[in-house]
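K.L.:
Got a structure for you, questions after.
The values are calculated or read from the model by the stated rules, or taken from the named source; none is laboratory data. Everything quoted here is computed from the prediction, not taken from an experiment. Every residue, glycine among them, receives a Cβ derived from its backbone with ideal geometry; neighbour counts consider all protein chains shown. In case anyone asks, the SASA skips ligands and DNA or RNA and just uses the protein heavy atoms, side chains included. Shrake-Rupley method; radii C 1.70, N 1.55, O 1.52, S 1.80 Å.
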Amino acid sequence: LERSIHLAGVNDERRALSELNAAAADAFGATGASIGLADPERGVLRYVTPDGSWNEWPDDAFIAGRAFTSGRRILARDAATEDPAHAERYRASGAHAVIAAPIATEARRIGVLSVYADRMSIFIEDDLWLVDLLADQSAVLLEARTLAEHASALRAREEAARLKEEFLSAAAHDLRTPLTVVLGQAELLERRHQRAPDAPADARGLARIAREARRLSDLVTELLDAQRLEQGAMMDLAPADLLDVVEEVRERYAEGEVSVHVDEPAIALVASIDRTRIEQVLDNLVENALKYTPDGAPPEIRVTTADGEARLEVVDHGIGIPEPDRQRIFERFFRASNAQSITDTGLGLGLYICHRVVEQHGGRIWFESTPGGGTTFTIALPLLAVPEGETGDEPRAAAWDAGRPQEVAADA
């Protein structure tokens, strides 16, 4: 009982049965033991073989099958004689004598326990009582496992339903807002045109429609990206200088008159990346930094190396992440509780997408509190190895030949 009670919580069913078999054999001092699990729909008993695989037999096969189908304990003093159809198997497994008992609860038949020995004298009268006890104990453990599996499946369904509800609620809210603006503005322009067909176009109204349509497009793209990444979308990997990627992100924000301070080394840091996806990660982190920094302090991007990795840090001086939310910040559809005070829009997919993209690059992403307030997100990506004979301290310009990236040192 002490050896087997923990098996109710073992996830691997074959391991649990193997341990139960060993415990039952030890309790008898017998050659071996075997538990067969019933599959009523197919009329078979499933056994775990010594190598850990499954073996199936009709549920009336062997002495064990007779005990299962009859619902009573059976003692075979000479198994090969009493079941000649399987005599060779009894002899091969050293099963001269077999004692078997059904494993069942009041509600259902679970299977059968059989214990076998190479001689009859091993079994005494008390063994008949013991096999019933072990069969009952096996029934309790196996039923507990079944209940635990059902409970786990129920929790999984409840979690899926919760995520679906959160998704529908967030998507409906965030998609409805720009749709309402686009529809309202379009109807207004339509009425104005009907009243005065020759009037000049309302430039501000058209710009508002275009802005909200882009926002709507971004939300739909985010949803599609999350779905593709969840399904394991492949990355289009190629060598690229991470500093060029960072600089391109900085320049894009500069064109929109948004300042992003960049602190980077003077050498090339070449990694195998999907450039578009890594830019997407940086964009998501910078956008969050801008969105959740009420006083408008510009975010920073710092680039360093450590342990053969490039470290891209996006530093903000905003509202930070509350302690209770830290464990869930990379989950789908999750938004930090204090984010609601800044904006009520957002699907809660940005950081999830960042996490999945970095993960599929073989990298890591984590965050820490910024001294003085805010959050620092760090992306660690493996650098390409240094070709033999190179020192790794060449300037960036020397690391590129005719526009093609070369491998540089990881610890420059």
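K.L.:
Within the accessible area of the range 177-248, what % is carbon and sulfur when the probe is 1.4 Å and the other protein chains stay in place?
P.N.:
Here it works out to 56 percent.
K.L.:
Same structure again: What is the packing order of peptides 375-383, 86-94, 249-257, taking the mean over residues of other C-beta atoms within 10 Å and listing the highest first?
P.N.:
Descending packing order for the listed peptides: 375-383, 86-94, 249-257.
K.L.:
Probe radius 1.4 Å, ligands and nucleic acids ignored: give me the carbon and sulfur share of the accessible area of the range 56-166 as a rounded percent. Working shown, then result.
P.N.:
On the way: 3310 of 6190 Å².
After summing per-atom areas, the C and S share lands at 53 percent.
K.L.:
How charged is the neighbourhood of residue 86? Take every other residue with its Cβ under 13 Å from the Cβ of residue 86, and add Lys/Arg as +1 and Asp/Glu as -1.
P.N.:
With Lys, Arg at +1 and Asp, Glu at -1, the net is -2.
K.L.:
On to the next question. Under a 1.4 Å probe, what is the accessible area of the range 1-116 per residue, stated in Å²?
P.N.:
52
K.L.:
Can you list the HN-Hα couplings for the range 217-227, worked out from phi with the Karplus curve (6.51, -1.76, 1.60; θ = phi - 60°), rounded to whole Hz and with x for Gly and Pro?
P.N.:
4, 5, 5, 5, 4, 4, 4, 5, 4, 4, 5
K.L.:
Under 10 Å from the Cβ of residue 39, count the other residues' Cβ atoms, weight Lys and Arg +1, Asp and Glu -1, and hand me the total.
P.N.:
Here the count lands on -1.
K.L.:
In whole Hz, what ³J(HN,Hα) sequence does the range 264-272 give by Karplus (6.51, -1.76, 1.60; θ = phi - 60°), x for Gly and Pro?
P.N.:
Once rounded to whole Hz, the list reads 9, x, 8, 10, 6, 10, 9, 9, 8.
K.L.:
Now for a different question. With a 1.4 Å probe and every protein chain left in place, work out the accessible area per residue of the range 190-269 in Å², rounded to a whole number.
P.N.:
Here the residues of the range 190-269 average 66 Å² of exposed surface.
K.L.:
If you don't mind, there's one more thing I want to ask. List the residues whose amide H sits under 5 Å from the amide H of residue 274, counting only those 5 or more places along or on another chain, with H placed 1.01 Å from N in the peptide plane.
P.N.:
238
K.L.:
Quick one: net charge of residue 48's neighbours, Cβ under 15 Å, K/R +1, D/E -1? Let's see the in-between values first.
P.N.:
Working: positive: 14, 15, 46, 145; negative: 12, 13, 19, 39, 51, 56.
In short, -2.
K.L.:
Provide the per-residue ³J(HN,Hα) series for the range 82-98, in order, calculated from phi with Karplus coefficients 6.51, -1.76, 1.60 and θ = phi - 60°, each as a whole number of Hz, with x at glycine and proline positions.
P.N.:
6, 9, x, 4, 10, 4, 4, 5, 4, 5, 5, 9, x, 9, 6, 10, 9
K.L.:
Just the number: Rg to Rh for the range 16-111, Cα atoms, Kirkwood Rh, two decimals.
P.N.:
0.93
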